[in-house]
Structures are given as C-alpha cells and as structure tokens.
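Here's the structure we're looking at; comments come further down.
Laboratory data are not the source of any read-out in this text; all were calculated from the coordinates shown. Because the structure is predicted, anything quoted here is derived from the model rather than measured. Cβ sites come from the backbone with ideal geometry, for glycine too, and all protein chains shown count toward neighbours.
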Amino acid sequence: MSAVTGVQVAGVPVAGGEVVGVRTTAASYDALVAGVLRGEFGPDPRGERVSVAFTTRQAVRHEGRSGGYRNEVLSLRLGEAVGSCAVEPGELSDGAVEECVGADVAQLLGHARLSVRVAALDAYLLRALPHRPEHGARPFALPAGGSLEKSRARARAVVDLVDAAPGATVLVVGVVNSLLEALRARGFSYVPCDLKGGTTEWGEPVTTDAGAGLERCDAVLASGMTLGNGSFEPLREHAQRHGKPLVMFAQTGSAVLPRLIGAGVSAVCAEPYPFFWLDGGPGVIHRYGGVR
C-alpha cells in the first residue's frame, strides 16, 4: 500500500534502473481516468500514441442454438497492447476509427465518443499493467475447439468467480447463454438483463432494467460492455454499498476492470484481443480476485 489509504502500488523499472511506484487500483472509473491522466499508473499518456485502430465484426449462431447475435468491437493498438471496447453494430464510421490513429492517449481520453475513451484507457493500462501474476492475474487456459465449446469453457471460468451460495440469485447484465447454462449448473438462479431485451435461449424474458434487478439479486455478473454504454458505475456503486459480489467478464476493458477490484468489483475474467471467438485454437484468459 502507498501512503494514500487503500491505494495499491507496484514497483516499475524506469530509465537508469530506478524503481518507482505506480498505482494499481482506483476508487472509481472516473478516479482511474484522472489517475492515468496524472501519470500515476504508468508513463505520461501525452507521450503514448495509438499506432493502429480497427474494428472487428462478428455474426454467430452456435450449432444447436436457435438464435444468434452480432458483435462489433473497436480496438486501438498501443505498442504491443490492444485495447478494446464493444460498440453497437454500425455505430462507428471509418472516419471515427481513422481519427484515432496517431493521437495520444490523453487526447483520446477526452474524445467525444465513450467507446473511444474506453478503448484508449484499456490499451494504456494493458501496456502499463499487463495481465501478469505480479499485477494480480491468474492465467486460465481455454482449450481448442468449436465456438460453442470455447464459449462454454469460458463461461465455466467466469462463473467459478461468483462467490455466492447455491440458490443465490445472480443478476446477469449482458446476456450470454453459455453463462446462464453455467450458472444453472452451479445451482444459481438468475435474472437475465440486456438492453436489447427479448428472451433467452430457453424462452425466459430478458429485462432491460438493471436497476430493478439489482434490488432482488444476491450477486451481479456483468459484461465489460457496461463500460462502453455508461451503465457500469451504478452497478459498481450498488455492489460496493451493499457488499454484493460483482464479477465482470471483460473483452471490453479487460485491463481497466481489474484496477477497480476492491472498489465494488470483486472479480474479473479478463479476455484481451484476440477473443476466443476469433480462433479455434487454444487460448488464455486471465482471472483476478474472486474464488481461488
């Protein structure tokens, strides 16, 4: 811990071999952004420039499932790190992507689009505090296989982080059918919630009101996409205020959310680009906090 109560630090070598302390946690998303802009989590963001910006578009219907879905993700490359934020399909124009190239992280953290700000923060933190044991990460191997096999393997890894007794009710924000399967296998009840509404694979109604679901849940399992649509902070604040487990499964903001463990977030399953649905070979995700 640093002299500032509750702030964790890590030793990072800089030019000349000197080791300096950088922060590794923050009290809120806004505090994290402010700390990055002050250079408290790594190098000055004004000197870190994005070299590549791109989008990844996916449409999927797993074998044996009646429905499908689409994903679109904005990714920004900063050196060896790729930060990502999911967006609504068709939301980003080519111009919006191109204007990120060559910009520094500080500029992008003030961008008008929230998705750009999140992707820039993710890239910066992934470079400054990569997914390694010294930063709290525990690697988890995903086996090779088809898209549904890999989805189910990831779901089991995520649900294992939910620290609640069988029979507990879990609010699931960002419906993924494999996660719902894994929750049932663990003996949990759940309330599915997604801005798109509709029904689950099993015909269960999907609420669009996460706030109402919070009041009747014992734990929360939420997608990192909540960072990109602005709904994350109410979840974090509720979990912190009521002492409820909040587990995040994060392709969006995989390097952002681990920095909020202890500030309402209890565990994170972090999955940086390239995501499991892009490759049939073996892969690695990274787990922070939660049940060990």
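Of the two radii for region 171-219, the radius of gyration is 0.93 times the Kirkwood radius, both from the alpha carbons; that is the Rg over Rh value.
Close amide H pairs (under 5 Å, H built 1.01 Å from N) link GLY79 with SER51, residues at least 5 positions away or on another chain.
Computed on the Cα atoms alone, the convex hull of the chain gives a volume of 129 cubic angstrom per residue. For region 107-122, the Karplus equation 6.51 cos²θ - 1.76 cosθ + 1.60, evaluated at θ = phi - 60°, returns couplings of 4, 5, 5, x, 5, 5, 8, 4, 4, 5, 4, 5, 4, 5, 4, 4 Hz by residue, with Gly and Pro reported as x. Mean-square fluctuations from a GNM of the chain, with a 10 angstrom spring cutoff on Cα atoms, peak among ALA222, ALA165, ALA153 at ALA165. Ignoring solvent entirely, what values of log10 I(q)/I(0) come out of the Debye formula for region 48-128 at 0.15, 0.16 Å⁻¹ when each Cα is a single scatterer? Values returned for q = 0.15, 0.16 Å⁻¹ are -0.51, -0.56. Taking θ as phi - 60° and the Karplus parameters 6.51, -1.76 and 1.60, the scalar couplings of region 231-248 work out to 9, 6, 4, x, 5, 4, 5, 5, 4, 5, 5, 9, x, 8, x, 10, 9, 10 Hz in sequence order, x denoting glycine and proline.
Per residue, the Cα convex hull of region 137-289 amounts to 102 Å³. The amide H of VAL284, built 1.01 Å from its N in the peptide plane, has LEU142 as neighbours under 5 Å, considering only residues 5 or more places off or on other chains. Label 7 Å along Cα→Cβ of ARG216; region 191-207 residues with amide nitrogen under 11 Å? Those under the cut-off are 191-192, 207.
If I take R0 = 25 Å and measure r between the Cβ atoms of THR55 and GLU80 in this structure, what FRET efficiency does the formula 1/(1 + (r/R0)^6) give, to the nearest 0.05? So the FRET efficiency works out to roughly 0.80. 3J(HN,Hα) couplings calculated from phi for region 87-100 with the Karplus curve 6.51 cos²θ - 1.76 cosθ + 1.60 (θ = phi - 60°) are, in sequence order, 10, 5, x, x, 5, 9, 7, 4, x, 5, 6, 5, 6, 7 Hz; Gly and Pro show x.
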